[in-house]
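Notes for the one structure printed next.
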Amino acid sequence: MNFFDIVNARHSIRAYQSQPVEQEKLQQILESINSAPSAGNLQAFEVYLVADANHKAELGKSSYDQEFLMQAPIVLVFCAHAARSAVRYEERGSDLYCVQDATIACSFAMLATTALELSTVWVGAFDEKAVQEIIGAPQVHRPVAMLPIGYPAANPRKKSRRSLDDLIHYVK
């Protein structure tokens, strides 16, 4: 697939087959995360890979019972690492750039997942402290997004999007 095919093929999937993700595909996703741009190339984020059924069940509970997290063979938890960014960018780095870094890395993982004919959905609704405890992250690793990854168990219908005229504002 070319890039635009990947962008158009990406859909939020909340139902997964039990089929495991091949190690080669997982490695490609992880490498795409490592290739994501970041402020000052500091990579002010950490990624926790969760494959254990018990931990995935706990993540499902911590995300207000989003049970599909338990179905996916893998869940990636993206955490902002404020201190890594603050070294160079001070308050703006610790308040904003590290979160941007983590979310850009998550977006790269989403697109890589789609390119590999796997599926995912961005999960942002969860109890941060509970997720930190479940994954064993130190307090300095702030969870900002979770990404279940697996083979889809359902085909989504295409959803409408805002028109470009409504979305884009030209500054003159």
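The values are calculated or read from the model by the stated rules, or taken from the named source; none is laboratory data. Remember, predicted model here, so these are calculated numbers, not experimental data. Cβ: placed from backbone, ideal geometry, glycine included. Neighbour counts: every protein chain shown.
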| said: Tell me the residue from GLU22, GLU46, GLU31 that is among the charged types (D, E, K, R) and under 13 Å from the mean Cα position of the chain (by Cα), please. | reply: GLU46
| Which one of these is modelled with pLDDT of 95 or more, surrounded by 23 or more Cβ atoms within 10 Å (Cβ to Cβ) and under 27 Å from ASP52 (Cβ atoms): THR113, THR103? | THR113
| message | Among the residues in segment 106-116, are any closer than 26 Å to TYR151 by Cα and assigned to a loop (DSSP other than H, G, I, E, B)? | response | yes
| note | Among the residues of segment 15-34, the number that are in contact with a helix residue (DSSP H, G or I) (Cβ under 9 Å, 6 or more places away or on another chain), assigned to a helix (DSSP H, G or I) and either crowded, with 19+ Cβ neighbours inside 10 Å or of a type in the set (S, T, N, Q) (or both) is 5
| Condition check for VAL7: in contact (Cβ under 8 Å) with a residue 12 or more places away in the chain, part of a helix (DSSP H, G or I), surrounded by 11 or more Cβ atoms within 10 Å (Cβ to Cβ) and of a type in the set (A, V, I, L, M) | yes
| remark: Filtering segment 117-138 down to residues that are assigned to a loop (DSSP other than H, G, I, E, B) and either in contact (Cβ under 8 Å) with a residue 24 or more places away in the chain or over 12 Å from the mean Cα position of the chain (by Cα) (or both) yields GLU117, LEU118, VAL121, TRP122, ALA125, PHE126, ASP127, GLY136, ALA137, PRO138
| message | For the structure I just gave you, tell me whether ARG142 is farther than 26 Å from GLN28 by Cβ, of a type outside the set (Gly, Ala, Ser) and surrounded by fewer than 18 Cβ atoms within 10 Å (Cβ to Cβ). | response | no
| query | On the given criteria, is ALA80 among the aliphatic types (A, V, I, L, M), outside any strand (DSSP E or B) and modelled with pLDDT of 95 or more? | reply | no
| Taking segment 35-49 only, how many residues are touching a residue at least 40 places away in the same chain (Cβ under 8 Å) and loosely packed, with under 11 Cβ neighbours inside 10 Å? | 1
| task | Taking only segment 139-166 into account, find how many residues are part of a strand (DSSP E or B) and either at pLDDT below 95 or within 14 Å of THR114 (Cβ to Cβ) (or both). | result | 5
| query | Does ASP65 count as under 30 Å from ALA83 (Cα atoms) and of a type in the set (D, E, K, R)? | reply | no
